[in-house]
Amino acid sequence: MTPLKYTHAIVARISESLRQSGEFDYVKAKQQHQDFCTLLRDVGLDVIELPPDEMLPEGVFVENASIICNGVALISKSDNLLRQREADSMEIVLKKELDIPVVNPNIPNALLDGGDVLFTGREFFVGISNYTNEDGAKSVAVAFPEYPVTPIKVSGNNRLKYYVTMAGSDLLSVSTSIYCQEIIKRMEREASFKYHTITLPEEHAANMLYINGTLIHRSPREIPASYKVIKEKIDTPSRSIDISEFGKFSNGLTSACLLLRRWKSIRNI
């Protein structure tokens, strides 16, 4: 399988209004997010940092706002007013500031959250969850007709990429949780291609980033048992990072960035 290749990452700085989402160490969260941006640069990405928007408490979790593939963006659709404002704001940034074309499949009843959309490099899996419906999956199929798109029912109150992410070019990262095992069985039945899996003890450990041959996962303090499994079973170069604070209200690592491959230069905002 051709490795997933990226040149840029879009991130958004943490706003003070994120405090509305629950109890967490705000100062530590900001430092962790800065460390995350540094790590993305360390693995070779140009990082575009958007300023914090106090009107969008969860705006730091940019993954939810859009799906970007092959230089084209599909904007998410939400029935949550604040999350929709995030998507609308991201659409303006992508089109006007970054010159990334945006497609609009115009499917009226679609609900689509970027955290439910897993791209493997060959196909899309779209979680049918509390945040994404079948029409949302159809939007992905219309926007990216060159790839198979498979809807996957997601149990529980999380998005698909909380449970399953890419840990290599043909390797899926999953956990031993009941929800996750149900999901991966559905994926294995419906997938157009074959994948290997690595199964981790802690549920939240399954969310990781595979970027240009480097695996980024949570710190050993956050996932002690899974960290050991990753080091023993995966030969891919890896980096760990602590997201214990800013990751409390999201899928995890994937939620804090939008990855894309770009040939033309992008100017920072």
**Study point:** Long-range HN-HN contacts of residue 100 with modeled amide H, under 5 Å
**Key:** 95
**Study point:** Residue among 40, 17, 56 farthest towards the positive dipole end of region 1-58, charges placed on Cβ
**Key:** 40
**Study point:** Cβ-placed point charges (K, R +1; D, E -1), dipole of region 185-269 about Cα centre in debye, nearest 20
**Key:** 420
Exercise for review: Over region 1-147, give the accessible area per residue in Å² for a 1.4 Å probe, as an integer.
Suggested key: 44
Check your understanding: Relative contact order for the chain: what is it in percent, counting Cα pairs under 8 Å that are at least 6 residues apart?
Key -> 23
Review point. Taking the Cα centre of each part, how many Å lie between region 1-52 and region 145-186?
Key: 23
Point to revise | From phi via Karplus (6.51, -1.76, 1.60), per-residue ³J(HN,Hα) for region 97-102 in Hz, x at Gly/Pro | key: 9, 10, 6, 9, x, 10
Check your understanding: In the chain, carbon and sulfur make up what percent of the accessible area (probe 1.4 Å)?
Key -> 48
Study note, to complete from the structure: The Cα radius of gyration of the chain, divided by 2.2 N^0.38 Å with N its residue count, comes to 0.92
Review point. When you count, for each residue, the other Cβ atoms within 10 Å and take the mean per peptide, how do 187-194, 207-214 rank with the highest first?
Key: 207-214, 187-194
Exercise for review: Hand me the GluC sites (Glu not before Pro) from region 31-84 located in a DSSP loop with no more than 14 other Cβ atoms within 10 Å, in residue order please.
Suggested key: 54
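The values are calculated or read from the model by the stated rules, or taken from the named source; none is laboratory data. Predicted model only: the values in this text are computed from it and were never measured. All Cβ positions, glycine included, derive from the backbone under ideal geometry; neighbour counts span all protein chains shown. Heavy atoms of the whole protein, side chains included, go into the accessibility calculation; ligands, DNA and RNA do not. Shrake-Rupley method; radii C 1.70, N 1.55, O 1.52, S 1.80 Å.
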